[in-house]
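Comments concern the structure below.
The values are calculated or read from the model by the stated rules, or taken from the named source; none is laboratory data. If you're wondering where the values come from, they're calculated on a predicted model, not measured in any experiment. Note that each Cβ is placed from the backbone with ideal geometry, even for glycine, and that neighbours are counted across all protein chains shown. Protein only, heavy atoms only, side chains kept; ligands, DNA and RNA dropped before computing areas. Shrake-Rupley method; radii C 1.70, N 1.55, O 1.52, S 1.80 Å.
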Amino acid sequence: MKKFHFIAVLICCCQLAVARETLPIKGTIVSPSDKHIQYTGRISFTNPERPAFNYPGTQIIAAFEGTSLRMIAKPGSGYYMAQIDQAEPFKVSLMDKRDSVVTLATALPEGRHMVRLMYVIEGYEMYPEFWGFVLDKGKTLVEAPALPSRKLEFIGNSITCGYGNEGTKPNEGFDYATENHYYSYASMTARSLNAQHWVVARSGIGAYRNYGEAKTGSPRSCMPVQYEYTGYAWDLKLREEPTFLREKWDFNRYQPDVVCINLGTNDLSTNNYDVKLLKQGYQRLLKLVRDHNPKAKIVFLCGSMLGGKELEIAKKTLDEVTAEANKAGDKEVYRFNFTPQNGDLGYGNDYHPSLWQHEKMAAELAAYLRALMHWF
């Protein structure tokens with residue numbers, strides 16, 4: 001196994017070296033394994049020269065010297081939001097399968113600067129990898145400020161991902177170009193509270209039943225199954241999926257103060273659901289989250305896309321699960337309801353929350369969590 005691992009790493013390093021020579025890349029190349037790079041999110045470091053991930057909200061943070069900065073990443077792997085120092089964040093595209101190097105900054109004043117990168121789409125079939133930075137010749141990374149001590153985790157579906165939030169036509173379907181987790185309620189809540197936030201979310205997933213699937217549930221790919229793993233796989237039994245997707249997540253790497261669970265919209269979709277099974281799915285997920293996060297407060301969220309009968313079912317079921325957990329001795333399980341959307345703030349793609357709706361959701365949730373955690 002050791003020999004195989006060495007050969008695999010050597011091959012990857014050679015491939016990266018070839019790419020660097022072909023481009024060509026001028027400047028100082030910084031390895032992804034540099035000790036000064038800070039990572040947040042579920043990332044596989046099985047190959048430290050190619051950290052792999054596919055959940056939105058994954059972040060790469062570093063401080064650097066010099067006047068310019070480029071990033072190297074796997075071509076065709078999606079969109080990032082980048083922020084240099086305190087400047088306005090901007091979107092970076094690695095959708096073109098021919099490009100692996102993107103310029104993030106040029107003509108900066110000589111000195112020390114910060115970069116914050118966030119992967120902002122759900123790249124479950126793109127399998128993104130970060131391959132390093134390029135600095136001015138002779139420059140290096142330096143010590144970055146410590147990450148926030150407050151820690152959040154968001155478990156959710158398309159709403160948490162930011163599906164369609166940059167779109168303005170509700171009758172249009174999914175497009176990676178209009179999904180931006182940076183402007184999701186989860187990301188905005190975390191920034192408002194000066195907290196880290198790690199994400200386990202993908203469109204269509206449910207607590208027991210994914211969107212449009214059988215009434216009996218999605219036993220191979222619902223959240224209680226996927227929560228145990230580093231990345232999201234369509235089916236964990238498919239051998240063609242990258243190995244890291246079958247890598248069990250080490251929960252010791254991140255122990256959140258609060259876990260927010262926002263599921264149920266897909267479970268209750270297409271008028272083909274079983275409320276009893278939904279409750280069991282919530283209970284199963286709650287036990288799993290509690291087992292792995294014994295000191296966290298767990299908050300079940302409801303909304304904002306549900307309405308009518310399904311909204312009442314979701315609220316009632318979550319109220320029951322929370323009350324029963326409290327009665328059984330877990331007093332750190334809570335409930336919070338978003339204001340349901342009604343169109344006055346517009347819609348994103350497929351009637352998902354718009355940017356303005358996400359802002360409203362973030363304001364509501366941040367106020368609730370600030371009071372719950374005494375984060376004033």
What ranking do 262-268, 339-345 get when scored by the average of other Cβ atoms within 10 Å per residue, highest first?
262-268, 339-345
Can you give me the C-alpha center-to-center distance between segment 288-340 and segment 185-225, rounded to a whole angstrom?
14
Most to least accessible of GLU110, GLU213, GLU179 (protein chains only, probe 1.4 Å):
GLU110, GLU213, GLU179
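Provide the gained length on full extension for the span ALA371 to ASP250, in nm with one decimal, where the gain is 0.36 nm per separating residue minus the Cα-Cα distance.
Working it through step by step, the gained length comes to 40.6 nm.
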What whole-number value in Å² describes the accessible area per residue of the chain for a 1.4 Å probe?
43
Grab the Cα-Cα distance for GLU324 and LEU277, subtract it from 0.36 nm times how many residues apart they are, and report the gain in nm with one decimal.
15.3 nm
Area accessible to solvent at HIS358, 1.4 Å probe radius, in Å²:
0
When each of LYS297/LYS327; LYS97/LYS248; LYS215/LYS276; LYS169/LYS360; LYS279/LYS331; LYS215/LYS248 is checked by Cα-Cα distance, pairs over 21 Å:
LYS97/LYS248; LYS215/LYS248
Computed over the chain, Cα set: Rg, Dmax in Å:
20.9, 63
Computed P(r) (all Cα pairs; segment 27-100; 10 Å bins; percent)
15, 51, 32, 1
Can you list the lysines whose alpha carbon sits under 17 Å from that of LYS26, skipping same-chain ones fewer than 8 residues off?
LYS137, LYS139
Fraction of accessible area attributable to carbon and sulfur, the chain (%, probe 1.4 Å):
55
Which value, in Å² and to the nearest 10, is the accessible area of ILE61 when all protein chains are kept and the probe is 1.4 Å?
10
Burial ranking of peptide ranges 81-89, 150-158 (average Cβ count within 10 Å, highest at the top):
150-158, 81-89
Principal axis dimensions, largest first and in whole angstrom, of segment 199-341 by Cα:
41, 36, 27
